[in-house]
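Report on the following structure.
The values are calculated or read from the model by the stated rules, or taken from the named source; none is laboratory data. Everything quoted here is computed from the prediction, not taken from an experiment. FYI the Cβ positions are ideal-geometry reconstructions off the backbone, even for glycines, and counts take in every protein chain you see. The area values use the complete protein model at the heavy-atom level, side chains included, leaving out ligands, DNA and RNA. Shrake-Rupley method; radii C 1.70, N 1.55, O 1.52, S 1.80 Å.
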Amino acid sequence: MKFTKVYEPQQTEPEIYAIWETAGVFDVRPTKSALPYSIVMPPPNANGDLHIGHGLTLALEDILTRFHRLNNYDTIYIPGADHAGFETWVVYEKALEKIGKTRFDYSRDELYNQVWNFVAEQRGNMELQIRALGASCDWRNSTFTLDNKVVKTVYATFKRLWDEGLIYRGHKIVNYCTTHQTSFADIEVTHRDEVGKMWDIAYPVTGTNQEIIVSTTRPETMLGDTAVAVNPKDARYANLVGEMVTVPIANRIVPIIADEYVDELFGTGVVKITPAHDPNDYEVGKRHALDEITVIGFDGRMNEAAGEGFTGLTVEEARAKIVEELSAIGLLRNEKDIIHSVGHCYKCDSIIEPLLKDQWFLEVKPLAERAVAEIEKGSIKFFPEQKAKELIQYYKNLKDWNLSRQIPWGIPIPAFQNIDHPEDWIFDERVGESEIEVKGKKYRRDEDTFDTWFSSGQWPFITTNYPANQPSANPHESSITTLHHASPHHHEQTPHHTDRHHDKPPVVPASSSSAAANSISPPTHQNAGISVNDSHQNDDILVNDPAQTAADLMDNILARYYPLSVMETGSDLLYAWVSRMIMLGLYATDQVPFKEVYLHGMVLDEHGKKMSKSKGNVLSPMEIIAKYGSDAFRLGIVASRSAAQSQAFSPSKVLAGRNLCNKLWNIARFVQEQAGDNYENPVEEPNELKNIGEDWIIGQLNHARLTVEKMLHEYRFSEAGEQVYQVIWNDVADWFIETQKVFNNISLMTYVLEYCLKLIHPFAPFLSENIWQNLSWTNDTLAGQTWGGYINYDINKAKDFEEIRALVTEIRFVVADLSTTGKQTLMYGEDKLIAKNKDIIQFLARLKNARELGQSTGLRLANSGREAWLDIDAKTIAKYGDHLRERIDNAQKEIELLEGRLANKNYLKKAPAELVEETRKTLLEKTDMLERLNRELEATSA
RNA sequence: GGAUCUUUAGCUCAGUUGGCUAGAGCGCGCGAUUCACAUUCGCGAGGUCAUUGGUUCGAGUCCAAUAAGAUCCACCA
């Protein structure tokens, strides 16, 4: 007997995972008879511990994975690790700070190596935690976001975008964090309403005594003003348009211009225009060909252009000084508090400075339009559905995407700038060199790295090695080598790309990024897995090319898993990640990257509050696992959760999960004990169902299996889990096992146990595998098993057991309600069902005896409507009267309701016939019962 | 400014073609018990499904409005 009295997960979980890994059950084994099912793990950041959100992610994905594997899909779950450019960089800079260093103490390459080592260390830790959560992923295909194949593909996509004119070098206002010294995409800026001040400042109109009053929240930027603007329809200022004003302190003469951008009703209706420090002003400046004068540097301090006395001041200091000086010279007209929204760095909360900077931009419009078209066509199904609408909305307002980050940690942008002609940029992959020479011209490397979402956005086709960036028009023309090994030959064809409006697109054929491009064309999903052609080619590869390694073969085969079956991730990543994967997936592969999207909500603490370190309410998945076990965590976090809803995570659900594990453990312990330690009959099909309750349990289990299947196909994890819980606890443990204490049908018990193990395996893999390993008659691993067919049962016999259950429940209720002492005897009249099952009834209801008796005496069991009584003395029965009266009241109310419904002509006319029929039937039953209750009441009071 | 979501038992939440007695876990009350499990067993209490109006034979479920709470996007000189 290997079963301990209580299930102890902590001791055994790592061992169980090792069994799986050794057996290789998670390694994909492409089978032609099976349909592919694929999930790619959102790669966790390799810079620290997994948090509760990862716990939920992995639980959900692993449930889907194991469920499909169990149902004989050709299943793959691809794990990964994210270098997480900026995120990791922030973590690492903090570490540097601790040892008194900054990024400026090292070269870019030194920093890169340091972070590489840091991440390598963290990654191992992170991957252990993925295992602790039970994720059944194919580790052979684990992908790190800086792997060679990732960089290759990202470069190929970048190049193709460049060649097709969608990438441009833009001198634009970007969101800049002066603390982290990098720019951000719009989506990475957090806006928050704050109290600020608005100042009214008088600008003297040149050559007159007039002045014009502007309102601003950022007076320090006036040092960079190059115009003052009013609305063209604004009568108040119509005569001033075209005049010049003097910008105070800066003493710059600038024009008064008219532009629709200005809102007449806001403030004084006059806006100072600082093209270099405000995105809207920048647009106005473009329209009116204004100068762009940058007065704030990337260090967050005023630069030399700000002028004597301001250079070197921080923005705040400069603001105070400007206000003071304006006040001194009498040009400050008003100061008031306003609430306005201010952009902050989402990591360090510094105020984001809009600054002019040269960056690489991706023109997203054509990509977004295609994504919208596909979503509207229904090519991707969203769970929950409304997220599709939200995403379309987002796509429609999307602006060009700034791809450049001034962070050393990331994928270097493969672009070089001509030292002598700054306009001249070329694409080149020799990013390891800071300077290169091409055709006698010297080029300097762009020091920036890609926004991590640019590479993550290509994750589905990268991880599956799907041939990307092959223009479908001329598929046979793909030349592979030029891109990967930057040859001189290649550079001759490289376009000199200066701005988005370059003269003509270069003619280099876009190339494939991956070795898989040479190989078999990927199966479509319709034919995948069953295509003879496909498997035939696989065989060819094996036989004809002995030089090809298994890994190569795998590389080629992986492509069959694209598009992914489902993309499961947090709803907070809908815009940041999902939107990009769809756009880039469509662009690079001409297909949607996944067919379904399931978005989970945020995990809140048990009171519905956001978890945060400062609040001290952060729950660590590893701590919970240490305390209750991995399965309990999975069962608990999946419970009571629906798509994209932020929901509280209640430890009581984890506790319930742990108890369920213990329950099943003990069911197994009991079954093994009954079967005997040496029992070795493998379970094929149980022997004939001969005892009461046996047909019933098969029915319950089949129903549960079908329900779980249906629920999981609709991503209703919580309901699926609940079904598993209910059938194991309420049906198997409470009724089936109890009856089997009398019948002892070993082959059925083992069958039922295995059924339970398979049902719960996706949710509680460690426990179920542990039991499987411990049972004397099982082989291999549970994780590698598949479902057999459904077995038949007699539905009438199942119903008989329902009757018995109802009777037993009533007996228990009556006995509990009367709180009589001692055990009762059941007496029954002409009732074949009771007569046949009197022993089991006696056992289940804990009766003293059950015997047939012709005449009625004692307390009639009125609710079940059977000819059955309990031998309770008259005195005790009298106490039962109140209870009966209550029941009679209820029955009467129900009867009235039913009668009312049947009296309604419209109901009879419009409701479905079977429903009406059912109502009639129910009414009869209730009337019948009322009669019995009344008779009983008479008897008790007599 | 635009959009989305939430409001169901003391707590946290399920409830998907509208169908008749609205479910779960925890908590609560009463009772039981030593061999599968106290991480247990039996029984029970607890809900005008935010409010109002509408559609319908029938509404927690659909529609409209209101209230409270949350989130996202845009942007405010």
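Tabulated results
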{"quantity": "For A:GLU13: the one exception among (1) of a type in the set (D, E, K, R); (2) away from RNA strand B (no atom under 16 Å from the Cβ); (3) surrounded by 14 or more Cβ atoms within 10 Å (Cβ to Cβ)", "calculated": "(2)"}
{"quantity": "Options A:GLY822, A:GLY789; residue that is without any contact (Cβ under 8 Å) to a residue 40 or more places away in the chain, within 25 Å of A:LYS690 (Cβ to Cβ) and loosely packed, with under 14 Cβ neighbours inside 10 Å", "calculated": "A:GLY789"}
{"quantity": "Lone unmet requirement of (1) away from RNA strand B (no atom under 12 Å from the Cβ); (2) over 22 Å from A:LYS653 (Cα atoms); (3) assigned to a helix (DSSP H, G or I) for A:TRP735", "calculated": "(1)"}
{"quantity": "Qualifying residue in segment A:706-714 (condition: in contact (Cβ under 8 Å) with a residue 60 or more places away in the chain, under 21 Å from A:VAL638 (Cβ atoms), among the acidic types (Asp, Glu) and touching a strand residue (DSSP E or B) at 6+ places or on another chain (Cβ under 9 Å))", "calculated": "yes"}
{"quantity": "Selection within segment A:647-662 - touching a strand residue (DSSP E or B) at 6+ places or on another chain (Cβ under 7 Å) and within 6 Å of RNA strand B (Cβ to nearest atom)", "calculated": "A:GLN647, A:ALA648"}
{"quantity": "Some residue of segment A:879-888 being open to solvent by 80 Å² or more (accessible area, probe 1.4 Å), out of contact with any Leu (no Cβ under 8 Å at 6 or more places or on another chain), assigned to a helix (DSSP H, G or I) and more than 24 Å from A:GLU738 (Cβ to Cβ)", "calculated": "yes"}
{"quantity": "Segment A:274-324, residues that are out of contact with any Lys or Arg (no Cβ under 7 Å at 6 or more places or on another chain) and polar (S, T, N, Q)", "calculated": "A:THR274, A:ASN280, A:THR294, A:ASN303, A:THR311"}
{"quantity": "Conditions (1) surrounded by fewer than 17 Cβ atoms within 10 Å (Cβ to Cβ); (2) of a type in the set (A, V, I, L, M, F, W, C); (3) modelled with pLDDT of 95 or more: number failed by A:LEU166", "calculated": "(1)"}
{"quantity": "The one condition in (1) touching a strand residue (DSSP E or B) at 6+ places or on another chain (Cβ under 9 Å); (2) in a loop (DSSP other than H, G, I, E, B); (3) within 9 Å of RNA strand B (Cβ to nearest atom) that A:HIS180 fails to fulfil", "calculated": "(3)"}
{"quantity": "Residues within segment A:711-730 that are more than 10 Å from RNA strand B (Cβ to nearest atom) and open to solvent by 20 Å² or more (accessible area, probe 1.4 Å), tallied", "calculated": "2"}
{"quantity": "Single residue of segment A:825-852 satisfying the filter (open to solvent by 50 Å² or more (accessible area, probe 1.4 Å) and part of a loop (DSSP other than H, G, I, E, B)) that is farthest from RNA strand B (Cβ to nearest atom)", "calculated": "A:GLU830"}
{"quantity": "Top-ranked residue of segment A:640-653 - restricted to ones that are of a type in the set (Gly, Ala, Ser) and open to solvent by 30 Å² or more (accessible area, probe 1.4 Å), ranked as farthest from A:TYR598 (Cα to Cα)", "calculated": "A:SER652"}
{"quantity": "Residue in segment A:596-614 that is away from RNA strand B (no atom under 13 Å from the Cβ), within 30 Å of A:PHE158 (Cα to Cα) and modelled with pLDDT of 90 or more present", "calculated": "yes"}
{"quantity": "Selection count where residues are more than 15 Å from A:PHE813 (Cβ to Cβ) and in contact (Cβ under 8 Å) with a residue 24 or more places away in the chain, scope segment A:837-854", "calculated": "11"}
{"quantity": "A:TYR715 being closer than 22 Å to A:ALA798 by Cα and not hydrophobic (A, V, I, L, M, F, W, C)", "calculated": "no"}
{"quantity": "Every residue from segment A:896-938 that is small (Gly, Ala, Ser) and loosely packed, with under 13 Cβ neighbours inside 10 Å", "calculated": "A:GLY900, A:ALA903, A:ALA913"}
{"quantity": "Qualifying residue in segment A:437-447 (condition: open to solvent by 20 Å² or more (accessible area, probe 1.4 Å) and of a type in the set (A, V, I, L, M, F, W, C))", "calculated": "no"}
{"quantity": "Tally, over segment A:740-786, of residues that are over 12 Å from A:ARG66 (Cβ atoms) and in a loop (DSSP other than H, G, I, E, B)", "calculated": "8"}
{"quantity": "Hits in segment A:216-226 (condition: within 12 Å of RNA strand B (Cβ to nearest atom), touching a residue at least 60 places away in the same chain (Cβ under 8 Å) and not in a loop (DSSP other than H, G, I, E, B))", "calculated": "A:PRO219, A:GLU220, A:THR221, A:MET222"}
